[in-house]
Amino acid sequence: ANVWKQVYIVISNANVILSRLPNATAVPEEEAKVIRGEALFFRGFSYRMLANLFGGVPLILEEVSTPRRDYVRASREEVYEQIRKDLEEAITLLPDIDAVKDGKIKEKQIDESVKRILILKLNRKIIK
């Protein structure tokens, strides 16, 4: 359960960034694209971890501003589909591997993650 809580903290932080970034007028447009790409990557990566560990989990895609308890578990396939969407958008926003400092998320890393998600989805269809 500790993994669950910690990963949902990452997802919550990513959702806050994604929600508030469009109003952050002090952030230059190119930098905002990279920040959005990184937030999408971390949300997608976090959901991948949860789906691999727990199967279907609640998909929270917006900033949560008031306490809730009415979360509904999405299917594993729905979670994988959201991961694919997040990572595919992130690929379009992040710089190529040659233009990135060490320690930053690279487009190439996300491309590999998308491929793994598609393989997981394909394997689940074959096994059924």
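Values in this text are rule-based calculations from the coordinates and carry no lab data. Quick caveat: nothing in here was measured; it's all calculated off a predicted structure. Cβ atoms come from the backbone with ideal geometry, glycine included; neighbour counts cover every protein chain shown.
Looking across the stretch 28-73 at every residue that is of a type in the set (Lys, Arg) and assigned to a helix (DSSP H, G or I), the one that is surrounded by the most Cβ atoms within 10 Å (Cβ to Cβ) is identified as 43. Here is a check on your reading of the model: is residue 34 touching a residue at least 60 places away in the same chain (Cβ under 8 Å), within 20 Å of residue 88 (Cα to Cα) and not aromatic (Phe, Trp, Tyr)? Judged against the criteria, residue 34 is a match.
The residue of the stretch 21-74 that is farthest from residue 5 (Cα to Cα), among those that are among the β-branched types (Val, Ile, Thr) and in contact with a helix residue (DSSP H, G or I) (Cβ under 8 Å, 6 or more places away or on another chain), is 27. Evaluated against (1) of a type in the set (Val, Ile, Thr); (2) closer than 22 Å to residue 80 by Cβ; (3) assigned to a helix (DSSP H, G or I), residue 17 falls short on exactly one condition, (2).
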